[in-house]
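Enquirer: My questions will all concern the structure given below.
The values are calculated or read from the model by the stated rules, or taken from the named source; none is laboratory data. Predicted model, so just to flag it, every value in this text is computed and none were measured. Methodologically, a virtual Cβ is constructed for each residue, glycine included, from the backbone with ideal geometry; neighbour enumeration extends over all protein chains shown.
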Amino acid sequence: MKKYLKTLFNKRYGIYHLRWQISAFVMLGPMIVLQMFGLPLWLNLMVGQFIGAIIFFEVDKRIFGQHKKDTLENEMNKNFKI
C-alpha cells in the first residue's frame, strides 16, 4: 500500500489528475446542452465522454507519451502495421 501511494505522488500523476479535474469543467458545457435537448442521463454521459475524448486526445498523448520504447504495444505496432 505504501509503495502504491508513493507512486501517486509524482509529477506525471499530478499533471494527469489536474487534467482529469479540468475535464470535468470543460465537459460541463456540452453536457448541459445535451440535457437541454432532453437526452437521458446514460446517453448524455456516453456522448459527453465521446466529446471529451476528442478534446483531450492530444493532451493525453503528451501525458502518456513518455513511456519506454520497448513496450509490448510498440512491438505489436511494428509487427502489425495497419
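Enquirer: Report the residue count in the range 1-32 for those that are among the aromatic types (Phe, Trp, Tyr) and surrounded by 12 or more Cβ atoms within 10 Å (Cβ to Cβ).
Expert: Residues of the range 1-32 that are among the aromatic types (Phe, Trp, Tyr), as a first pass: 4, 9, 13, 16, 20, 25.
Subset that is surrounded by 12 or more Cβ atoms within 10 Å (Cβ to Cβ): 13, 16.
Qualifying residue count for the region: 2.
Enquirer: Ok, one more. Determine if the range 33-45 includes at least one residue that is at pLDDT below 75 and surrounded by 10 or more Cβ atoms within 10 Å (Cβ to Cβ).
Expert: Taking every residue of the range 33-45 in turn, none turns out to be at pLDDT below 75 and surrounded by 10 or more Cβ atoms within 10 Å (Cβ to Cβ).
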